[in-house]
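Take a look at the structure set out below.
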Amino acid sequence: MSLADFGYVLILFSFITSTYSCLASFLASKLRQKKLYFSAKVSATNSFILLFCASIILWLSLFHHDYSISYVYKNSSLDLPKWFLISSFWSSLEGSHLLWTLLLAFFSTLAIWTHASENTYLMPFINGALQGIIAWMCYLAAFHCDPFLAQFPPATNGLGMNELLQNPYMFYHPPSLFTGYTALAIPFAYSFGALCYGDTNESWLKTMKRWSLFAWIFLTIGIFLGGRWAYVELGWAGYWAWDPVENSSFIPWLFTSSLLHSLIIQKKIGHLKRLNISLSFLSFFFSFFGTFITRSGVISSVHAFAQSPIGPNYLYFLCTLLVIAGVTYSFRHHHILAVNPGRTWKISKEASLLFAQFLFITFIGIVLLGTLYPILSEIILDDRFNVQAPYFNTFAPYIGFLIILSMTAGNMLHYGSSRTSGSLKTHITVLLISFFPTVIFCHYGQVFESNGMNFILQLFGVTLCFWSLVSFSWQLFYKLSKKSKSFRINLSQNLPSIASYFAHVGILIAILGFLGNYRGVNQLSTLNVGESANIYGYELNFQGIKVDSQDNMLLYKAPLKVSKDNKYLTHLYPARAKYPTKEELIHEIDFAPSFFHDIYVSLIDFDQSSGKQATVEIHINPTVKLVWISGLILVFGGFLALIATFKKRKSILLGV
């Protein structure tokens, strides 16, 4: 038996052990057999260990260039740097599916062995749901996307990894996104367990929030890393195009964001329990729905894998998941009761949170309709119509502005009361203070140079963002300035508020960055050696094509000397890259970042014989840096909120 055959056998045994664990868990819940459930937990752990060993075998095969394995042959080559040999594991369908399954098994194992003591009675249902999903994933890995499929006869060299994926951001982007997707399985399973048992408790709520936050953090990391990859790799000077696969990661993020806000309402007033269960179902469902889009080829995307047999199987799973979740909810939801069900909603912090849910769900509907419209139009009209970015950009600014208003109002209000923090004088002062950074930002960010509707949208958006930012800052200062025994105690007691502050400030800074898309400029220039292109006050002087080598690629660089007002600033080196396993040339852009805008250049064409002429596309991209800064702030706020959930935690380790 070869090492590849052994890896396949490990996946097959993982399918068997996870199937047993699923069935044994549900049987244990029915018969109330602790020993049977313990064997299910052990079997679930064994399933993870088997998948881990199979993954190690695939990695070893990639590092040792074992081209007797089809996956290794198609996704690596002798010239591929070792750094990318690691990421070639998830560079195509079979490997990424194995990584997804491995992460799902890991988080499931972690969840069933480290649960809170109050949730013990739910665990057979939770483990049964998780292992059922893992069993299905293992079934796909074994029978529809085998990463150890033989390549005969074995080749002496591989075809190489997709050139677009040979980028450092692709080392982190897929694992981050997969971590977020798989972590969403835990809130889904806890919601399924709550429905089966017929009740929730405080520990259930804490666990739901903890795992939802963890998933949200990694979804955020994955989305921003994906945007950064698109910005530096694809050469179109953007980071978000409302591509179907981008949307398919954004929708679970929106659902999870909605779930986190809804969990706060449940914690404070005991309402929205059923909504939280529904949101956790939908978050998990759409993580797999996005995978179906990626794997099936039903929608065209630069990110999508080619059509494969795994696509229909994902569709069968999604339909099965909908039926099981729908039937379970229909028959069991009446057992999940709100505290004080006759309570009347009025203007308050919880009402603003509820309005935020409405905005999130509305935005999800808009994005989902635009994403699925090509399929729907083909079914209904027998003709496929693709929805482009203008459709989404028509709605996004207004939804964003309403979200700012909602979260700012909610931050000022109290639970159960329409009373606001601070006097009218305080709120007027906050508004006046926000005027100064608004004017400064609009001046140095060239917002005043826009005109028409673009100017109105930007001015209103910038004003709204800075008013909200100053308001959030004042509210946090007010809370931290209260007298207490020590600053450390005060900081600890207000950690959730600090986390909330950073998360919401991250959203505000992101919107400031997004508004820069309304005032970007670009220019296409064909230059001979010594000639210059002038744009936005900058002069870019072409100095002739230079040939260079880096790692496994040959680079045709077009050096551009950048100056402004006759003062030298920097050199930019946009290039086209030639990889040994491919004939076509790939974009390698370069850009000069600054706080208010980037100078972004891609090499469109060049004279390969003399190297004395080049066509370059130059973009001035305003406030892109704010987008990347906002991602860091969002993730920091998420981690602070996650840390806050572990305060005063009562749990059992290795509990049965």
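The values are calculated or read from the model by the stated rules, or taken from the named source; none is laboratory data. Fair warning: this is a prediction, and the values are worked out from it, not measured in the lab. For neighbour counting, all protein chains shown are included, and Cβ atoms are generated from backbone atoms with ideal geometry for every residue, glycine included. With ligands, DNA and RNA removed, areas are computed over all heavy atoms of the protein, side chains included. Shrake-Rupley method; radii C 1.70, N 1.55, O 1.52, S 1.80 Å.
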Among residues of the range 356-367 being farther than 21 Å from F460 by Cβ and touching a residue at least 40 places away in the same chain (Cβ under 8 Å), the residue surrounded by the fewest Cβ atoms within 10 Å (Cβ to Cβ) is I361
(message) Tell me yes or no: at least one residue of the range 517-525 is modelled with pLDDT of 95 or more, among the small types (G, A, S) and in contact with a His (Cβ under 7 Å, 6 or more places away or on another chain).
(response) no
Scanning the range 518-530 residue by residue, those in contact (Cβ under 8 Å) with a residue 40 or more places away in the chain, under 20 Å from K557 (Cα atoms) and outside any strand (DSSP E or B) turn out to be V529
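Picking from N552, N566, N541, which residue would you name as being among the polar types (S, T, N, Q) and open to solvent by 70 Å² or more (accessible area, probe 1.4 Å)?
Every option except N566 fails the conditions.
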Over the range 592-603, the set of residues surrounded by fewer than 20 Cβ atoms within 10 Å (Cβ to Cβ) and either out of contact with any strand residue (DSSP E or B) (no Cβ under 9 Å at 6 or more places or on another chain) or hydrophobic (A, V, I, L, M, F, W, C) (or both) is A592, S594, F595, F596
| said: Against the condition surrounded by fewer than 16 Cβ atoms within 10 Å (Cβ to Cβ), in contact with a strand residue (DSSP E or B) (Cβ under 9 Å, 6 or more places away or on another chain) and charged (D, E, K, R), how does K546 come out, does it pass? | reply: yes
Practice prompt. Answer yes if at least one residue in the range 606-613 is crowded, with 18+ Cβ neighbours inside 10 Å, under 21 Å from F250 (Cα atoms) and at pLDDT 95 or above, and no otherwise.
Written response: no
Is it true that I629 is open to solvent by 10 Å² or more (accessible area, probe 1.4 Å), under 24 Å from E449 (Cβ atoms) and in contact (Cβ under 8 Å) with a residue 12 or more places away in the chain?
yes
By my count, strands (runs of 3 or more DSSP E) wholly in the range 579-647 with at least 2 residues that are closer than 29 Å to V447 by Cα are 590-593, 597-606, 613-622
Filtering the range 91-118 down to residues that are of a type outside the set (D, E, K, R), closer than 20 Å to G160 by Cα and open to solvent by 20 Å² or more (accessible area, probe 1.4 Å) yields S92
Restricting the range 428-452 to residues that are in contact (Cβ under 8 Å) with a residue 24 or more places away in the chain and either part of a loop (DSSP other than H, G, I, E, B) or under 27 Å from E350 (Cα atoms) (or both), the one most open to solvent (accessible area, probe 1.4 Å) turns out to be L431
Taking the range 388-427 and the residues there that are in contact (Cβ under 8 Å) with a residue 40 or more places away in the chain and in a loop (DSSP other than H, G, I, E, B), the one that is least open to solvent (accessible area, probe 1.4 Å) would be S421
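From G222, G227, G238, which residue is on the phi < 0 side of the Ramachandran plot, surrounded by fewer than 22 Cβ atoms within 10 Å (Cβ to Cβ) and in a helix (DSSP H, G or I)?
Result: G227 is the single residue among G222, G227, G238 that is on the phi < 0 side of the Ramachandran plot, surrounded by fewer than 22 Cβ atoms within 10 Å (Cβ to Cβ) and in a helix (DSSP H, G or I).
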Residue pairs qualifying under the 7 Å Cβ cut-off, at least six apart or on distinct chains, with the first in the range 368-387 being free of Cβ contacts under 8 Å to residues at least 12 places away in the same chain and the second being surrounded by fewer than 14 Cβ atoms within 10 Å (Cβ to Cβ), are S377/D383; S377/F385; R384/E378
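Conditions (1) part of a helix (DSSP H, G or I); (2) surrounded by fewer than 17 Cβ atoms within 10 Å (Cβ to Cβ); (3) at pLDDT 95 or above, marked per residue:
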| residue | (1), (2), (3) |
| --- | --- |
| S278 | yes, no, yes |
| T294 | yes, no, no |
| Y314 | yes, no, no |
| A338 | no, yes, no |
| K346 | no, yes, no |
Looking across the range 250-265 at residues that are open to solvent by less than 10 Å² (accessible area, probe 1.4 Å) and of a type outside the set (A, V, I, L, M), the single one that is nearest to S203 (Cα to Cα) is S262
Residue count, the range 147-174, condition open to solvent by 30 Å² or more (accessible area, probe 1.4 Å) and not in a helix (DSSP H, G or I), comes to 12
| query | Within the range 623-644, can one find any residue that is of a type in the set (V, I, T) and closer than 18 Å to L540 by Cα? | reply | no
message: Just checking, does the range 469-479 include any residue being open to solvent by less than 100 Å² (accessible area, probe 1.4 Å), under 15 Å from P622 (Cα atoms), assigned to a helix (DSSP H, G or I) and at pLDDT 90 or above?
response: no
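Test L10 against the stated conditions and say whether it is in contact with a Cys (Cβ under 7 Å, 6 or more places away or on another chain), in contact (Cβ under 8 Å) with a residue 24 or more places away in the chain and more than 11 Å from A135 (Cα to Cα).
So L10 passes the test.
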Here the residues within the range 7-48 that are open to solvent by 40 Å² or more (accessible area, probe 1.4 Å) and over 34 Å from the mean Cα position of the chain (by Cα) are L27, K30, L31, R32, Q33, K34, K35, L36, F38
